[in-house]
1. Test residue 381 against the criterion of being in contact with a strand residue (DSSP E or B) (Cβ under 6 Å, 6 or more places away or on another chain), in contact (Cβ under 8 Å) with a residue 12 or more places away in the chain and either surrounded by fewer than 21 Cβ atoms within 10 Å (Cβ to Cβ) or more than 28 Å from residue 54 (Cβ to Cβ) (or both), and give yes or no.
2. Out of the residues in segment 384-409 that are at negative phi and over 24 Å from the mean Cα position of the chain (by Cα), state the one that is surrounded by the most Cβ atoms within 10 Å (Cβ to Cβ).
3. Got a sec? Which of 71, 60, 42, 25 is at pLDDT 95 or above and touching a helix residue (DSSP H, G or I) at 6+ places or on another chain (Cβ under 6 Å)?
4. Give the residue that is surrounded by the most Cβ atoms within 10 Å (Cβ to Cβ), with candidates limited to residues of segment 238-253 that are in a loop (DSSP other than H, G, I, E, B) and over 11 Å from the mean Cα position of the chain (by Cα).
5. Of the residues that sit in segment 163-175 and are in a loop (DSSP other than H, G, I, E, B) and touching a strand residue (DSSP E or B) at 6+ places or on another chain (Cβ under 9 Å), which one is farthest from residue 196 (Cα to Cα)?
6. Among the candidates 292, 266, 271, which residue alone is assigned to a loop (DSSP other than H, G, I, E, B) and in contact with a strand residue (DSSP E or B) (Cβ under 8 Å, 6 or more places away or on another chain)?
7. Just one of the numbered conditions (1) within 29 Å of residue 118 (Cα to Cα); (2) surrounded by 21 or more Cβ atoms within 10 Å (Cβ to Cβ); (3) over 21 Å from the mean Cα position of the chain (by Cα) is not true of residue 288; which one?
8. Residues that are closer than 30 Å to residue 226 by Cβ, in contact with a helix residue (DSSP H, G or I) (Cβ under 7 Å, 6 or more places away or on another chain) and surrounded by 19 or more Cβ atoms within 10 Å (Cβ to Cβ): does segment 301-320 have at least one?
């Protein structure tokens, strides 16, 4: 019988070569067991918005859980009613009146896709079951959401278990098929969606799923001004539901309440998470229009819940986080500090020989590192440049977030809390340059 290896730490699940042991956090700073401080330039996984250590959020969650530890998600509780009232009054697009609450983005995207198919089945249309997505994307780690995502690295080894859905090109201006920054790249990407719908058969397509601004999988890829209005019109014309995944970019992260507002469209179903409770509780939402939900009402169906969906403590925490963002005008601050971060990155990295592009909106920014800025040649995957940047950043006391899909790589993302100071932004930009220089030197 094998004995237990007591030399390995009990966390994380798969032991790592380098451990970061955090004891507590305040604002934008993480404090380690060794007494070091780490400036959180990534907001964890692009999650933190009001910053760490706000006692009023913990107090709200504690009060809710003391009053009611659990109720099945369809039941009404004061916490669920309050957060819904706030969402409809101050946050959601007017058209999106219904909310289904899950514990995280993977669950929520999975539920959104189920809702799209169930919408048509409730109408008696059983032919529409396909979900079209994009070739650079991440929508979660359930087997289904892995299948609809365009993330080669995370699909590897699971190909026989996951669904295989049609995918269309993600608007990628830097590497557009028509050449770098092709002015019509957005039109070409939208047209590819219509071509795919026609090839698959419009009568078989339930929904198109995509991020308004691509998250860490592509590193804040911006779609161009004409893309989303065209996509919205194409979906309407073919009777296809439009699902947007705003798990990473929603709830103020890009300087507007939701990223779709940058492009002047409203989806039929929207998923958002991370910033919903700013890291204080596990919660994500699926938000839909009355038109999407009505067929389920008429046929007496429900959208099956997850056990811990809409947990009273999580709803209370989310409600308090949104209240703080409203009272402190943090979405506007995110837009302002985002412009400041972009200017600083441009100043120190705009002419860097290994930085191909700096992109993003609000406090969601990313850089793409390349071996050759002129040809856009990438470093070999084995060089693991983005991981080296993260390690070099941590050694200097700043945490960045790696992005990419394997095929798309050497992406570094920044997503600090909306309360971030100017001096912290200075340090993030300066440290990122030093970390890139170290990583490139190691790869060369």
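The values are calculated or read from the model by the stated rules, or taken from the named source; none is laboratory data. All values reported here derive from a predicted model rather than from experimental measurement. Cβ coordinates were reconstructed from backbone atoms using ideal geometry, including for glycine residues, and neighbour counts include every protein chain displayed.
1. Answer is no for this residue.
2. Only one residue tops the list, namely 392.
3. Criteria check complete, one pass: 60.
4. Applying the filter and picking the extreme gives 252.
5. Checking each candidate, the answer is 163.
6. 266
7. (3)
8. no
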